[in-house]
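The values are calculated or read from the model by the stated rules, or taken from the named source; none is laboratory data. Bear in mind that the values here come from a model prediction, so they are computed numbers and not experimental data. No Cβ is skipped: glycine too gets one built from the backbone with ideal geometry, and neighbour counts run over all protein chains shown.
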């Protein structure tokens with residue numbers, strides 16, 4: 001069900017010289033102090049002679065509500081709220097060494113195996129590989145370049161950019177489910193400009209990455225809310241060595257195997273994404289130490305998915 005917007009949306013502020021803090025909501029207002037909660041998760045208080053630095057940001061009501069929720073994500077629970085801490089998630093019954101051994105059983109030559117390349121990477125420019133990784137990366141380099149994205153945003157080609165993003169969602173095999181892509185396609189017309197601007201900021205902005213990621217998620221006005229695959233595909237295609245496409249079921253397992261707390265939330269957020277990136281980077285390092293040659297984070301993603309399905313874990317560990 002789509003989220004409803006309050007009749008009076010929250011006020012959103014931004015410090016005139018500290019854009020890196022992100023936008024904020026007003027928490028406390030008393031005669032000699034105002035306290036704001038920023039997108040970077042920090043609370044900051046200002047005396048009256050600094051209040052003029054906090055500028056009111058004009059936003060659509062839906063966007064203001066999302067910024068308010070994002071800013072409050074890391075807020076500590078109120079005393080006596082009764083929020084219980086969850087039991088730590090169970091580590092999967094497989095070691096990293098068993099993952100590698102199982103992957104080599106599937107692809108004896110590793111990431112250079114002909115069967116792996118044919119099934120996962122493909123060859124750009126061929127019909128058989130048009131929905132696989134190499135073709136998608138080639139398209140992204142051209143069609144989601146800084147110049148082209150900026151031209152579309154500045155030229156008011158918002159619907160065209162939205163359609164282009166949709167084509168990547170449905171045109172990249174084994175990434176975003178069709179139902180997710182359809183919900184994205186049905187994004188309200190009035191929300192698409194926010195999506196377009198936040199996509200440009202995500203890919204090419206100057207603010208800190210966590211703020212850019214959370215702002216992008218906030219702009220994904222889709223029924224039922226954005227999913228991890230929807231929130232992470234485009235950046236992973238533009239920056240395949242620096243960013244990770246996330247299927248959370250698999251990434252949670254990999255993080256736990258490597259003793260990394262995923263700090264998981266079903267709603268995409270920068271805190272969890274940073275933990276997933278730590279797990280992905282560590283997996284890359286360990287694969288290289290094991291003599292493997294992953295090209296980028298897409299190979300890391302595929303390795304994780306191929307070795308951490310229930311069937312794979314059972315076969316890799318000999319469990320009954």
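Filtering 221, 265, 206, 261 for residues that are modelled with pLDDT under 95, buried (at least 21 other Cβ atoms within 10 Å of the Cβ) and in a loop (DSSP other than H, G, I, E, B) leaves a single hit, 221.
With respect to (1) in contact (Cβ under 8 Å) with a residue 24 or more places away in the chain; (2) farther than 30 Å from residue 64 by Cβ; (3) surrounded by 15 or more Cβ atoms within 10 Å (Cβ to Cβ), the lone exception for residue 215 is condition (2). Looking only at residues of the stretch 24-34 that are at pLDDT 85 or above and surrounded by 15 or more Cβ atoms within 10 Å (Cβ to Cβ), we find that the one that is nearest to residue 213 (Cα to Cα) is 24.
Would you check if there is a residue in the stretch 305-313 being buried (at least 22 other Cβ atoms within 10 Å of the Cβ) and in contact with a helix residue (DSSP H, G or I) (Cβ under 6 Å, 6 or more places away or on another chain)? Yes, because at least one residue in the stretch 305-313 is buried (at least 22 other Cβ atoms within 10 Å of the Cβ) and in contact with a helix residue (DSSP H, G or I) (Cβ under 6 Å, 6 or more places away or on another chain).
Only residues that are modelled with pLDDT under 90 and surrounded by 13 or more Cβ atoms within 10 Å (Cβ to Cβ) were counted in the stretch 51-60, giving 3.
Residues are listed down the side, and each one gets a yes or a no for (1) in the same structural domain as residue 235 (by TED's automatic domain parsing); (2) surrounded by fewer than 13 Cβ atoms within 10 Å (Cβ to Cβ):
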site	(1), (2)
90	no, yes
110	yes, no
120	yes, no
124	yes, no
130	yes, no
138	yes, no
156	yes, yes
161	yes, no
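On inspection, residue 233 fails the criterion of being touching a residue at least 12 places away in the same chain (Cβ under 8 Å), assigned to a helix (DSSP H, G or I) and over 14 Å from the mean Cα position of the chain (by Cα). In the stretch 155-180, the residues that are under 21 Å from residue 197 (Cβ atoms) form Cβ pairs under 6 Å with partners that are modelled with pLDDT of 95 or more and assigned to a loop (DSSP other than H, G, I, E, B), at six or more places apart or across chains, as follows: 169/176. Residues that are surrounded by 13 or more Cβ atoms within 10 Å (Cβ to Cβ) and in contact with a helix residue (DSSP H, G or I) (Cβ under 7 Å, 6 or more places away or on another chain) within the stretch 140-150 comprise 140, 143, 144, 149, 150, listed in sequence order.
Only residues that are in a helix (DSSP H, G or I) and buried (at least 24 other Cβ atoms within 10 Å of the Cβ) were counted across the stretch 238-252, and they come to 1.
Against the test of being more than 18 Å from the chain's Cα centre (by Cα) and either assigned by TED's automatic domain parsing to the domain that holds residue 215 or free of Cβ contacts under 8 Å to residues at least 60 places away in the same chain (or both), the options 183, 148 yield a single qualifying residue, 148.
In summary, residue 281 fulfils each of the numbered conditions (1) over 24 Å from residue 212 (Cβ atoms); (2) without any contact (Cβ under 8 Å) to a residue 24 or more places away in the chain with the single exception of condition (1). Of the helices (runs of 4 or more DSSP H) entirely within the stretch 85-198, those holding at least 3 residues that are at pLDDT 95 or above and under 25 Å from residue 235 (Cα atoms) occupy 133-143, 146-154, 158-171, 178-185.
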